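Notes to accompany the following structure.
The values are calculated or read from the model by the stated rules, or taken from the named source; none is laboratory data. Note that the coordinates shown come from a computational prediction; the quantities given were computed from them, not determined experimentally. Backbone-built Cβ (ideal geometry, glycine too); neighbour counts: all protein chains shown.
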Amino acid sequence: MTTNGIIQIALYMAVLLALVKPLGAYMARVYQGQPIRLDRVLGPLERLIYRGCRVKPEQEMDWKVYTLSMLAFSILGIVSLYALLRVQGMLPLNPQGMGAVPPDLAFNTAVSFTTNTNWQNYSGETTLSHLTQMVGMTVHNFVSAATGMAILVAFIRGLVRHNARAIGNFWVDLTRSVLYILLPLSLILAMVLVTQGVVQTLGPYKSVALLQPTKDANGQMVTQQVLAMGPVASQVAIKHVGTNGGGFFNANAAHPFENPTPLTDLLLILAETLIPAALTYTFGKMVGDTRQGWTILAAMMVVLAIFALATYAAESAGNPRLVALGVDQAGSNINPGGNMEGKEVRFGVARSSLFAVGTTATSTGAVDSMHDSYTPLGGLSILILMQFSETILGGVGSGLYGMLIFVIVAVFLAGLMVGRTPEYLGKKIEAYEMKMASLIVLLMPLIVLGLTAVAVVTKAGVSSIANPGAHGFSEILYAYTSQGNNNGSAFAGLNGNTTFYNVTGALAMLVGRFWLAIPALAIAGSLAAKKTVPAGPGTLPTNTPLFAGLLVAVVVIVGALTFFPALALGPIVEHLMMGSM
Amino acid sequence: MTTKARPLFDAAILKRAILDAMVKLDPRYMVRNPVMFMVEVGAALTLYLFVAALLGKGEAPAGFTLAISLWLWFTVLFANFAEAMAEGRGKAQAETLRKTRRDVNARQLSAPRRDAKSQMVPASQLRKGHVILVEAGEFIPGDGEVIEGVASVDESAITGESAPVIRESGGDRSAVTGGTRVLSDWLIVRITADPGESFLDRMISMVEGAKRQKTPNEIALSILLAALTIIFLMVCVTLLPFSIYSANASGLGRPVSVTVLVALLVCLAPTTIGGLLSAIGIAGMDRLIQANVIAMSGRAVEAAGDVDVLLLDKTGTITLGNRQATEFIPAGNVAVEALADAAQLASLADETPEGRSIVILAKEKHGLRGRDVRALGATFVPFTAQTRMSGVNLDHREIRKGAAEAIQCYVRAKGGEFPESVQRQVQEISRQGGTPLVVADGAKVLGVIRLKDIVKGGIKERFAELRTMGIRTVMVTGDNPLTAAAIAAEAGVDDFLAEATPEAKLELIRKYQAGGRLVAMTGDGTNDAPALAQADVAVAMNTGTQAAKEAGNMVDLDSSPTKLIQIVEIGKQLLMTRGALTTFSISNDIAKYFAVIPAAFAATYPALGALNIMRLATPASAILSAVIFNALIIIALIPLALRGVRYRAVPAAQLLRRNILIYGLGGLIVPFIGIKIIDLLLVAMHLT
């Protein structure tokens, strides 16, 4: 590790924390329907949308209607995106003449983008038309993110309201999330990205002369190269702002047209962590005690910082096998040092590690380096970040409502220890809430461990593995962890584009998204109906460092207890074997 | 009464508990507790695997499988034992109670008159509404309401209090309990409970835990524990395919055996809390019984931990039952001695506590000895509701003491004056929370006696303690607001309700509840019944009326007004014990992973031996040690489960820090040490 590397990580954290309050306060105003400056510009558009869709914005829904609306919207998204992928060959804006996407891949991709996962079993530049990238991918990048934010806001309303049935209007929350939060932020980011060299065009791919002509496998001279292009900047912006992560290109943020400079790299990491972090402040603001939000953010940031440093340490330590071969892996002014396999030289070890941590801590899943090539401990750390059920920042909206479920579990344990039946923000946590929270906690072992178990003993599962042994196991575990948590990053090294992985992966993504969202909304409905118990000295304080520590402990212990055996057979044993030979 | 606390491990209870632990192995019973049921299934499965191993079809060495199986059976037995121990303590009490429920004959009357025709019927045939006659020396055959007569009744069978109590028709002392004995006189009683529903029956079933239903929080916790168990079930089930893949990949060793997976599952599942959960609940009820309180449901005990407002009656709870004279304040031209003398004379024959306190004050402050009224030839004029005065006629003096207005009328009628200075004193005393008594000799007003409510010693500290626990105390009194405010300030309560009527009390409870607070109160009179029914935790005095007892959800056999505070602590203790053991149970798992995982994959991935940080001797000893620790910790924690985690009156944050440190961090560290020690012992005894 170098001082420079640590400063870069610290700088990122400082900028992020500085942005939390302003954006968080702004979002609270958006969701509470308070006046904001953008009203004047976008207000008429918002009202037009409601009129066009026959939405009565003042009509609020109970949790069941809210859930059904959310589900209906998501299913509509899956079906329409599937259709688009299948018929893109017949539609305009297709300069490269891309054909129909095969059914299983189209299904996986449709599910992937509507669940805010953005797992990609395809290469964008060789599969999708410009129209699909814009109307399909980019649109879903917006609305899937907005769906997560809407669910969160409904959840918060459940905590805030008492003796109430309604938890908001899904269509309003969805529309306002897109119009007032995601669109402006993406617009700003896209503009900045373009200045740094991210491409934005509707034209065809370009052929350019190679600076250094080379010979192909047949001995033919190659002097020309085809550069894939398209409406990249607009998609990349929302891909990070909305913690989506589905790249325009297969190489994702490692591609120079998506992420050309160290500055864009920093902006992308910031963009993907910005809304999840700021939403904690929005939460605090809406529940009337910003310390509640800061406490949760503190818990998240502590874990994030520890894992960022751990990953960076693991990657800069390099590979002991190469040391044995006399390879110099020490960092210097001209050499970032450490394990540079699969990393871009323009980013180096520190930034790649930070990016990997940011993208797995949030459910973004964009990559600027190949996770498969990380050291076992580096890979372990980003794998675990996802296995914390995407609660360390997590996806926009979904990360925080996932974390709030863990808060409920922590409150339940701690509440008992102070001699009261547990309550959170004045709401009693009873059997119904525990039932729903338990369902959510059960999600991880069922889909991630369950599907991994199926894959490692079936031919269809094992045949996709590129690296046999413990690393192959890690690859499969990573694939289901990523999809089951709606992250979407890939360890690579595993051929995911097979019927088996397309279907089981889609299953994992669907279950991962809705098995969390539906019980969370059910809890919101139940909490909203309860009365609020005023806090006193006998109530468990949930806005203290102690509680933040307890929350971290619950998240870590639940994750560790669920995954320790699997991790022991994957990255942990890989690491031990690498060192011992 | 205070029953002597039974020792934690009573030999008779112990013996019976061991037997009960075996009986409880019945799967139909076990299935009620999913965590322990799963352990029992595991025990049976490993037993089957052992038999298979003996027949040569084993997947693991027979001896190892047997050892695991045995310890799994022990785990189940230990948990059952804990529950049986907790129940045993209640059963012992129930046994004593049952002895009092003898099948006596009752004299049933055809009409509610003493001279009505009567016939003898067995008590078991008495129904609600029947009227019976009970004479001196007879047992009261069932719960009822006295409709005629006054008698002294020995209620020691129920309350343990040996002094007899008076039961009479009308008023707040009309309830009688079956199983108690009339000592003198006779009572005509209308039966109010059918057989099997009497207070005694309910008490027996409560202490036995026979009708025990899971309380709401217990249900919520059970759900969490079941979820954890399913998680670990998934972890262990998927570990088999994982190990098949790994064994193939490394080309070493064989997939992990089912025996090891079962052992791992039992170690990980929250067996510590799962095994002790019902014992904790029963023990909580038992602690309440030890405090001489009978709760009508477990739900009420749980709610007691959540109470945030206590409504306390002023008299008897906050102040001593009666007022005492503390000062003589003479009128302008009267010597204080003259006032004291007159006051004492007026009070000599007054047997009320107030009267006696005046005599004592005169003696202590002014050296006036008590005199014999009769020797002085005085005639006592008792207090009546009409005159609102009492006093003596002596020689030609007519000394009177009474409320200011009453004396004013009296003096004016005699042509005297009521001095302005006395009037001011009267108001001043009222304002300070005292009760003024004015003394007059004929037409002349001598001065004022200050009577004061005496706040119980130590009660202020108690309220301060409650405040740190987050509980508001509200004093309820019939006094006027001025007096009430002064006493409230002196006792340090947070709020008070003056000139309280039953309706005002009910209204106050509703108001607090609307604000989301849980309210507890005690009451005894029939007019308390609506408020008792409304309160979340309602403690009825055993001396109270039947209506009050039925409206409340607890009955305090001691009829002690301060019992409420103790009940709240017992409720909190119950919840804390659950939380502490759950945390402990989950924290334990970390160490167990470090014991079992390297052992389970020692052959497949020898490199995983690095995780064996406890340096356990062999894979078999490691797994066995973890299983043994898991079983023994249940036994080790039985005393804690029965006694409960100690509650301290400190703010929640402090309590949390302390308990996380002890049960969270402790739970993390203890098993590392425990498993290592067991491993060393196994090696020392050459058992591996």
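For segment B:101-116, check the following and say yes or no: at least one residue is in a loop (DSSP other than H, G, I, E, B), among the hydroxyl-bearing types (Ser, Thr, Tyr) and under 27 Å from the mean Cα position of the chain (by Cα). No, segment B:101-116 contains no residue that is in a loop (DSSP other than H, G, I, E, B), among the hydroxyl-bearing types (Ser, Thr, Tyr) and under 27 Å from the mean Cα position of the chain (by Cα).
Yes/no matrix, rows are residues, columns are (1) polar (S, T, N, Q); (2) within 25 Å of B:Leu348 (Cα to Cα); (3) part of a helix (DSSP H, G or I); (4) away from chain A (no Cβ under 14 Å):
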residue: B:Gly391; (1), (2), (3), (4): no, yes, no, yes
residue: B:Arg400; (1), (2), (3), (4): no, yes, no, yes
residue: B:Ile407; (1), (2), (3), (4): no, yes, yes, yes
residue: B:Glu428; (1), (2), (3), (4): no, no, yes, yes
residue: B:Val439; (1), (2), (3), (4): no, yes, no, yes
residue: B:Arg450; (1), (2), (3), (4): no, yes, no, yes
residue: B:Lys460; (1), (2), (3), (4): no, no, yes, yes
residue: B:Leu482; (1), (2), (3), (4): no, no, yes, yes
residue: B:Ala485; (1), (2), (3), (4): no, no, yes, yes
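Quick grid of which residues meet (1) under 30 Å from B:Asp308 (Cα atoms); (2) without any contact (Cβ under 8 Å) to a residue 24 or more places away in the chain; (3) out of contact with any Pro (no Cβ under 8 Å at 6 or more places or on another chain):
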position: B:Val555; (1), (2), (3): yes, no, yes
position: B:Asp558; (1), (2), (3): yes, no, yes
position: B:Ser585; (1), (2), (3): yes, no, no
position: B:Ala600; (1), (2), (3): no, no, no
position: B:Ile623; (1), (2), (3): no, no, yes
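Scanning segment A:338-374 for residues that are farther than 20 Å from A:Ala277 by Cβ and not in a loop (DSSP other than H, G, I, E, B) gives A:Lys343, A:Gly348, A:Val349, A:Ala350, A:Ser352, A:Ser369, A:His371, A:Asp372, A:Ser373. In segment B:6-29 there is at least one residue that is more than 23 Å from B:Ala283 (Cα to Cα), over 27 Å from the mean Cα position of the chain (by Cα) and either modelled with pLDDT under 95 or not basic (Lys, Arg) (or both).
Within segment A:434-465, the residues that satisfy the criterion of being more than 7 Å from chain B (Cβ to nearest Cβ), farther than 18 Å from A:Leu569 by Cβ and either in contact (Cβ under 8 Å) with a residue 60 or more places away in the chain or touching a Cys at 6+ places or on another chain (Cβ under 6 Å) (or both) are A:Met436, A:Ala437, A:Leu439, A:Ile440, A:Leu443, A:Ile447.
Residues of segment B:610-664 being within 10 Å of another protein chain (Cβ to nearest Cβ), in a helix (DSSP H, G or I) and of a type outside the set (Val, Ile, Thr), which ones? If the condition is that a residue be within 10 Å of another protein chain (Cβ to nearest Cβ), in a helix (DSSP H, G or I) and of a type outside the set (Val, Ile, Thr), then B:Ala610, B:Leu611, B:Ala652, B:Ala653, B:Gln654, B:Leu655, B:Leu656, B:Arg657, B:Arg658, B:Asn659, B:Tyr663, B:Gly664 are the ones that fit.
Number of residues in segment A:83-121 that are closer than 19 Å to A:Phe500 by Cβ and part of a helix (DSSP H, G or I): the value is 10. Considering the conditions (1) farther than 18 Å from B:Thr577 by Cα; (2) of a type in the set (A, V, I, L, M); (3) within 14 Å of another protein chain (Cβ to nearest Cβ), B:Ala340 is excluded by exactly one of them, (3). The residue list B:Lys91, B:Lys57, B:Lys117 contains one member that is under 30 Å from B:Met38 (Cα atoms) and exposed (fewer than 14 other Cβ atoms within 10 Å of the Cβ), which is B:Lys57. Scanning segment A:539-569 for residues that are of a type outside the set (A, V, I, L, M, F, W, C), farther than 17 Å from A:Ala437 by Cβ and more than 9 Å from chain B (Cβ to nearest Cβ) returns A:Asn543, A:Pro545.
Each row is one residue, and each column tells you yes or no for (1) out of contact with any helix residue (DSSP H, G or I) (no Cβ under 7 Å at 6 or more places or on another chain); (2) touching a residue at least 40 places away in the same chain (Cβ under 8 Å); (3) small (Gly, Ala, Ser).
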residue: A:Gly484; (1), (2), (3): no, yes, yes
residue: A:Phe500; (1), (2), (3): no, yes, no
residue: A:Gly525; (1), (2), (3): no, yes, yes
residue: A:Ala529; (1), (2), (3): yes, yes, yes
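Residue by residue, here is whether (1) surrounded by 15 or more Cβ atoms within 10 Å (Cβ to Cβ); (2) within 14 Å of chain B (Cβ to nearest Cβ); (3) within 30 Å of A:Thr532 (Cα to Cα); (4) free of Cβ contacts under 8 Å to residues at least 12 places away in the same chain holds:
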position: A:Gly158; (1), (2), (3), (4): yes, no, yes, no
position: A:Gly168; (1), (2), (3), (4): yes, no, yes, no
position: A:Asp173; (1), (2), (3), (4): yes, no, yes, no
position: A:Ser177; (1), (2), (3), (4): yes, no, yes, no
position: A:Ile181; (1), (2), (3), (4): yes, no, no, no
position: A:Pro184; (1), (2), (3), (4): yes, no, no, no
position: A:Leu193; (1), (2), (3), (4): yes, no, no, no
position: A:Tyr205; (1), (2), (3), (4): no, no, no, no
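Working only within segment B:227-236, note down all residues that are of a type in the set (A, V, I, L, M) and more than 17 Å from A:Gly570 (Cα to Cα). Listed by number, the residues that qualify are B:Ala227, B:Leu228, B:Ile230, B:Ile231, B:Leu233, B:Met234. Being buried (at least 19 other Cβ atoms within 10 Å of the Cβ), in a helix (DSSP H, G or I) and out of contact with any Gly (no Cβ under 9 Å at 6 or more places or on another chain) is a property that A:Gly293 lacks. The set of residues in segment B:231-255 being among the aromatic types (Phe, Trp, Tyr), at the interface with chain A (Cβ under 7 Å from one of its Cβ atoms) and under 17 Å from A:Pro445 (Cβ atoms) consists of B:Phe242 alone. The set of residues in segment B:512-568 being surrounded by fewer than 21 Cβ atoms within 10 Å (Cβ to Cβ) and acidic (Asp, Glu) consists of B:Glu550, B:Asp558.
The test for being more than 8 Å from every other protein chain (Cβ to nearest Cβ), of a type outside the set (Val, Ile, Thr) and either under 16 Å from A:Ala154 (Cβ atoms) or surrounded by 24 or more Cβ atoms within 10 Å (Cβ to Cβ) (or both) holds for A:Ala529. Condition check for B:Asp589 on (1) out of contact with any Pro (no Cβ under 8 Å at 6 or more places or on another chain); (2) more than 8 Å from chain A (Cβ to nearest Cβ): one failure, at (2). Taken together, B:Gly316, B:Gly332, B:Gly253 contain a single residue that is at pLDDT below 85, surrounded by fewer than 24 Cβ atoms within 10 Å (Cβ to Cβ), in contact with a helix residue (DSSP H, G or I) (Cβ under 6 Å, 6 or more places away or on another chain) and at positive phi, which is B:Gly253.
Filtering segment A:266-290 to residues that are in contact with a Phe, Trp or Tyr (Cβ under 8 Å, 6 or more places away or on another chain), buried (at least 22 other Cβ atoms within 10 Å of the Cβ) and closer than 24 Å to A:Gly124 by Cα leaves A:Leu268, A:Ile269.
A:Val111 falls short on exactly one of the conditions (1) in contact (Cβ under 8 Å) with a residue 60 or more places away in the chain; (2) in contact with a Lys or Arg (Cβ under 7 Å, 6 or more places away or on another chain), and that condition is (2).
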